[in-house]
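Read the figures in this text as sums done on the coordinates, not as results from a lab. Bear in mind that the values here come from a model prediction, so they are computed numbers and not experimental data. Because the Cβ atoms are built from the backbone with ideal geometry, glycine has one as well, and the counts that use them run over all protein chains shown.
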């Protein structure tokens, strides 16, 4: 819920899309008070909603039933894809971005992945290095920090660990992108961030904040880094949510 002082333009990113890893079987999206909404798909394939919130209390409620896999796909040995063979849509995930300064991490990434098979095994080594070396501290950061800053602090939230993982992958010419969404049984429950790397001809999930990579991930948005995947952007005088609740539960299988 927001308290709005002046009519305020918003761009929301709160609708998950069906894809290879999830299927949206039902959705609910409610704005109070109801206002005109215009939906578009951004350059990363995310469903976004444009609106103007009127003065007063303004709330957004969304709910969805999402079918996901019980296990996250893993592919040890999946090969590195040479840049000249990458799909056009993947190329932007090779470049440095605002929070992922991949041009600064070449030597470090090479050392972390020494003697690993090029491709998936390199990313798995990066994930394990992050898990062992960077302290995951939920709630320790309210604003995004860059991969270089995370490496200096040696600590961060899920978003921060993802930034460093993405930068390390890109420095090895492995496309990597940030994902935000939800995870079943995440503690404490909140929005979650992880990263994906493109190896073996497809995207694979990596999450250094978890001791083991299990299922239950629901993706909401994809982008180069945190700048691309905010669940809401507002324009004008700063507006912050007064209350925010996130709940993820497992539904019983259909009889």
For the chain, find the longest principal axis of its Cα atoms and tell me its angle to the long axis of helix 120-133, 0 to 90°, nearest 10.
70
Which residue fluctuates most in the GNM of the chain (Cα springs below 10 Å): 154, 234, 84?
84
Only Cα pairs within less than 10 Å get springs; with that Gaussian network setup on the chain, which residue of 173, 114, 197 has the largest fluctuation?
114
According to a simple spin-label model (label point 7 Å from Cα along Cα-to-Cβ), what is the distance in nm between residue 185 and residue 252?
2.0
Fraction in percent of alpha-carbon pairs per bin - 10 Å, the stretch 3-59:
20, 46, 26, 8, 0
Using the Kirkwood formula over every pair of different C-alpha atoms, what hydrodynamic radius in Å results for the stretch 55-198?
16.5
Can you pull the three principal axis extents for the Cα set of the chain, in Å, largest first?
59, 49, 35
Mind telling me which of 89, 63, 124 comes out most flexible in a GNM of the chain, alpha-carbon contacts under 10 Å?
89
Contact order normalised by length for the chain, with contacts defined as Cα pairs under 8 Å and 6 or more residues apart; what percent is it?
25
Would you kindly work out the equivalent ellipsoid of the stretch 119-255 from its C-alpha gyration tensor and give its semi-axes, the square roots of five times the eigenvalues, largest first in whole Å?
23, 21, 15
Normalised contact order of the stretch 182-255, rounded percent, pairs of Cα under 8 Å and 6 or more residues apart
38
In degrees rounded to 10, the 0-90 angle between helix 158-171 Cα long axis and the longest Cα principal axis of the chain is 40
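Counting pairs of alpha carbon atoms under 8 Å apart in space and at least six apart in sequence, what relative contact order in percent does the stretch 112-249 give?
Numbers: 214 pairs, mean separation 30.4, N = 138.
In percent, rounded to a whole number, it is 22.
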